[in-house]
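Read the figures in this text as sums done on the coordinates, not as results from a lab. Keep in mind the model is a prediction, meaning the values are calculated, not measured. We place every Cβ from the backbone using ideal geometry, glycine too, and count neighbours over all the protein chains shown.
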Amino acid sequence: MGYSSTHISSVEVGRKLPTLRLARSVDAALGAGDMFERAWRKVRHAGLLEGFPQFIDHEAQAAEIRLYEVGVVPGLLQTPDYAAVLAQGAVKRGAINDDQAEERVTLVAERQATLVRTPAPLVFVVLDESCLRRPVGEPAVMNGQLERLLEFAELPNTVLQVAPFAMGERRSFDLPVYLLTLPDRSLVSYAESAHRGHLERESAFVLPILTAYHQLQAQACSQAESVAMISQLRKGTS
């Protein structure tokens, strides 16, 4: 399988987490179909915040996706380099290990497949200005990430807006917001703190969040204004 016996032993006794590549190699070597890959996905999800595995399952099927993010570009829009820098930052802080960092980057790539599926979802993204101005990695990393945002804004099924600092108290949210409209038109929201996440399906709680999101969009820069801001910032990273 291309792994040492020491590495396999470390996985077996729990000193190292298995990777997707390892799980697929075991399946191929043992002729086990996708049994180990499915087991790996359960292990991987066990390390995610409560509610998030269910959220990404819904996200992969949603008819409409609405995001508001503060401080960091959301995973659906991250470049591999940007995602890798964030993951390595968590490794340096001791929050995760190298294997977990690899899986974080893999998960980002897997989630982005929803943007090109058929039928494609409508995706509305509002980024706090801090997402654009917070430097992540070398200038080339930020340059590539800002270029990715411009490409995203050109897609026929997306709307990208920036909530500028000047909005002040008119900004609807202080924390990230994730809202999904499912194919049956039901709504799901997801929010998280540093230690746990919460998936909400009750319309009595989700509808006020949707209303606040619409208010945020009305107050934020238009897509044309947002693209102009991103383009100007990108010039400074070139």
Query raised in the report: When the Debye formula is applied to the Cα atoms of segment 1-131, each taken as the same point scatterer, what base-10 log of I(q)/I(0) results at q = 0.12, 0.17 Å⁻¹?
Result: -0.57, -1.05
**Report entry** Helix 80-92 axis, angle to the chain major axis (alpha carbon atoms, nearest 10°)
**Finding:** 70
Report summary line: Rounded to the nearest Å, the spacing of the alpha-carbon centers of segment 6-38 and segment 108-155 is 32
Report summary line: Filtering trypsin sites (Lys or Arg not before Pro) in segment 131-238 by DSSP loop and by at most 11 other Cβ atoms within 10 Å leaves ARG185, ARG196
Query raised in the report: Given the Cα-Cα distance of ALA63 and LEU150 and 0.36 nm per residue of separation, how much length would full extension add, in nm?
Result: 29.1 nm
**Report entry** Extension gain (nm, one decimal) between LEU210 and SER10, 0.36 nm per residue minus Cα-Cα
**Finding:** 67.4 nm
